[in-house]
């Protein structure tokens, strides 16, 4: 193998990494959970997204090297590209849903997909063997890109994988916009890439000639969250899914295992281990776990002995998401509080459940929030300012976008947007309106 050439290195190891079980499993994990319940075209997986990040990270590296006049480092280029390819390796079925379902106050179990990514890079024998073919230290270099705690020195190339203008965001924004059919929301990727550079070896800059591209990039990010990711029906569907998984874990906590008998054996073992061990579950078992295992269980759970689990599974199977109604906590806080206190009793009577079951699984406050751009506090001890989007001016100066106070578009991106809603079952609209008119 010609180790002096990054392309030769990538051409040798990428097909091998692609064909590992750990990477192939990403075909069975959708990029956006249940967003396809509303935007039918959003069926794409984390597999295709990972290759998109791989290609963009490599391209961004090449443009920056060219524009900054730096000498290319073949090992750094290979590390950037492979890190982009493997950055999502630890994601589980429905992406962040498992993390949310395991994060309630009744369990100390911790499940984080980032921890699973690190485990794949350090424990999966197939992946570690392939990375070792490049260099004995290559796996550690990849870890430094996906987990900051592994970095011995900071470098501008880390921003290509994790920053506010990285290959991950660039790919998922353009891919999700296209697959959702959301037209008119985009940015000039080619122009943006052509204007990337670095001057100090720590931060990536965008030439002021592409300031409109930065504006469009941030606006598109905001619009995707508003239109797609935080769509009311998407959030209502997500609410049902979280409740199903939470109920399955709660039954395990109560040592009621009847629903597990209806699961594929792999999922049965995975649910038990996720509940007991979280991110430290058996890695070989996790490598085989994809979304279709859950869908088989959801279908079986429609006839589950547990009435709550059966009802929730039926709602998901027939695409009957929770209703999502906007709530004004500022001006109608009393009404919202009364709904959450007294509403469960009436909803429970109508559904045939207990008020406690309604409070946990059927009547929820949904408060997704999004800050399109995270403004950094400028202190001498600040360590992450280099992850900002820096604008390089033709006069030689540099400023992060949050300091461009006269640019009203960029300043608007600093505000945190909240989407406060109440989630509740369909058929209970009159009860909700009674307490929250």
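The values are calculated or read from the model by the stated rules, or taken from the named source; none is laboratory data. Because the structure is a prediction, the values reported are computed rather than measured. Neighbour counts run over all protein chains shown; Cβ positions are idealised from the backbone, glycine included.
Across the stretch 291-311, which residue is surrounded by the fewest Cβ atoms within 10 Å (Cβ to Cβ) among those that are within 30 Å of residue 226 (Cβ to Cβ) and touching a residue at least 24 places away in the same chain (Cβ under 8 Å)?
291
Look at the stretch 318-339 and say how many of its residues are out of contact with any helix residue (DSSP H, G or I) (no Cβ under 7 Å at 6 or more places or on another chain) and either touching a residue at least 60 places away in the same chain (Cβ under 8 Å) or part of a strand (DSSP E or B) (or both).
Here the count works out to 5.
Any idea how many residues of the stretch 419-433 are touching a residue at least 40 places away in the same chain (Cβ under 8 Å) and more than 19 Å from residue 237 (Cα to Cα)?
Residues meeting the conditions: 1.
How many residues are in a helix (DSSP H, G or I) and out of contact with any helix residue (DSSP H, G or I) (no Cβ under 6 Å at 6 or more places or on another chain) when one looks only at the stretch 135-147?
Matching residues across the stretch 135-147 total 1.
Against the definition (touching a residue at least 12 places away in the same chain (Cβ under 8 Å), assigned to a helix (DSSP H, G or I) and either surrounded by 18 or more Cβ atoms within 10 Å (Cβ to Cβ) or out of contact with any helix residue (DSSP H, G or I) (no Cβ under 6 Å at 6 or more places or on another chain) (or both)), how does residue 95 come out, yes or no?
No.
Do you know which residues across the stretch 393-418 are assigned to a strand (DSSP E or B), under 30 Å from the mean Cα position of the chain (by Cα) and in contact (Cβ under 8 Å) with a residue 24 or more places away in the chain?
Passing the criteria: 400, 416, 417, 418.
What pairs can you find where one residue is in the stretch 141-164 and farther than 14 Å from residue 79 by Cα, the other is outside any helix (DSSP H, G or I) and at pLDDT 90 or above, and their Cβ atoms are less than 6 Å apart, with a gap of 6+ or different chains?
164/389
Looking for something surrounded by 18 or more Cβ atoms within 10 Å (Cβ to Cβ), modelled with pLDDT of 95 or more and assigned to a loop (DSSP other than H, G, I, E, B) - is there at least one such residue anywhere in the stretch 176-196?
Yes: the stretch 176-196 contains one or more residues that are surrounded by 18 or more Cβ atoms within 10 Å (Cβ to Cβ), modelled with pLDDT of 95 or more and assigned to a loop (DSSP other than H, G, I, E, B).
When you check residue 75 against the structure, is it touching a residue at least 24 places away in the same chain (Cβ under 8 Å), touching a strand residue (DSSP E or B) at 6+ places or on another chain (Cβ under 7 Å) and not in a loop (DSSP other than H, G, I, E, B), yes or no?
No.
Based on what the data block shows, is residue 67 surrounded by fewer than 22 Cβ atoms within 10 Å (Cβ to Cβ), within 23 Å of residue 191 (Cα to Cα), modelled with pLDDT of 95 or more and in contact with a strand residue (DSSP E or B) (Cβ under 8 Å, 6 or more places away or on another chain)?
In short, yes.
Can you tell me how many residues in the stretch 374-401 are modelled with pLDDT of 90 or more and surrounded by 10 or more Cβ atoms within 10 Å (Cβ to Cβ)?
Total satisfying the criteria: 9.
Pick out the one residue from 233, 242 that is in a helix (DSSP H, G or I), closer than 26 Å to residue 299 by Cα and out of contact with any strand residue (DSSP E or B) (no Cβ under 8 Å at 6 or more places or on another chain).
Step by step, each of 233, 242 is checked, and only 242 is in a helix (DSSP H, G or I), closer than 26 Å to residue 299 by Cα and out of contact with any strand residue (DSSP E or B) (no Cβ under 8 Å at 6 or more places or on another chain).
Looking at the stretch 341-364, which of the residues that are part of a helix (DSSP H, G or I) and under 29 Å from the mean Cα position of the chain (by Cα) is farthest from residue 418 (Cα to Cα)?
357
Among what's in the stretch 148-163 and is touching a helix residue (DSSP H, G or I) at 6+ places or on another chain (Cβ under 6 Å) and outside any helix (DSSP H, G or I), pick the residue that is surrounded by the most Cβ atoms within 10 Å (Cβ to Cβ).
Here the residue is 161.
Here is a check on your reading of the model: is residue 120 buried (at least 20 other Cβ atoms within 10 Å of the Cβ), modelled with pLDDT of 95 or more and on the phi < 0 side of the Ramachandran plot?
yes
Pick out the one residue from 277, 314, 255, 268 that is surrounded by fewer than 20 Cβ atoms within 10 Å (Cβ to Cβ) and assigned to a loop (DSSP other than H, G, I, E, B).
Being surrounded by fewer than 20 Cβ atoms within 10 Å (Cβ to Cβ) and assigned to a loop (DSSP other than H, G, I, E, B) holds for just one of 277, 314, 255, 268, which is 255.
Could you pull out the residue among 14, 48 that is surrounded by fewer than 20 Cβ atoms within 10 Å (Cβ to Cβ), part of a helix (DSSP H, G or I) and more than 19 Å from the chain's Cα centre (by Cα)?
Selected residue: 14, the only one of 14, 48 that is surrounded by fewer than 20 Cβ atoms within 10 Å (Cβ to Cβ), part of a helix (DSSP H, G or I) and more than 19 Å from the chain's Cα centre (by Cα).
Inspect the stretch 331-339 for any residue being exposed (fewer than 13 other Cβ atoms within 10 Å of the Cβ) and at pLDDT 95 or above and give the result as yes or no.
The answer is no; no qualifying residue exists.
Restrict the check to the stretch 228-235 and report whether at least one residue is modelled with pLDDT of 95 or more, under 23 Å from residue 404 (Cβ atoms) and surrounded by 19 or more Cβ atoms within 10 Å (Cβ to Cβ).
No, because not a single residue in the stretch 228-235 is modelled with pLDDT of 95 or more, under 23 Å from residue 404 (Cβ atoms) and surrounded by 19 or more Cβ atoms within 10 Å (Cβ to Cβ).
Which one of these does residue 66 not meet: (1) touching a helix residue (DSSP H, G or I) at 6+ places or on another chain (Cβ under 9 Å); (2) part of a helix (DSSP H, G or I)?
(1)
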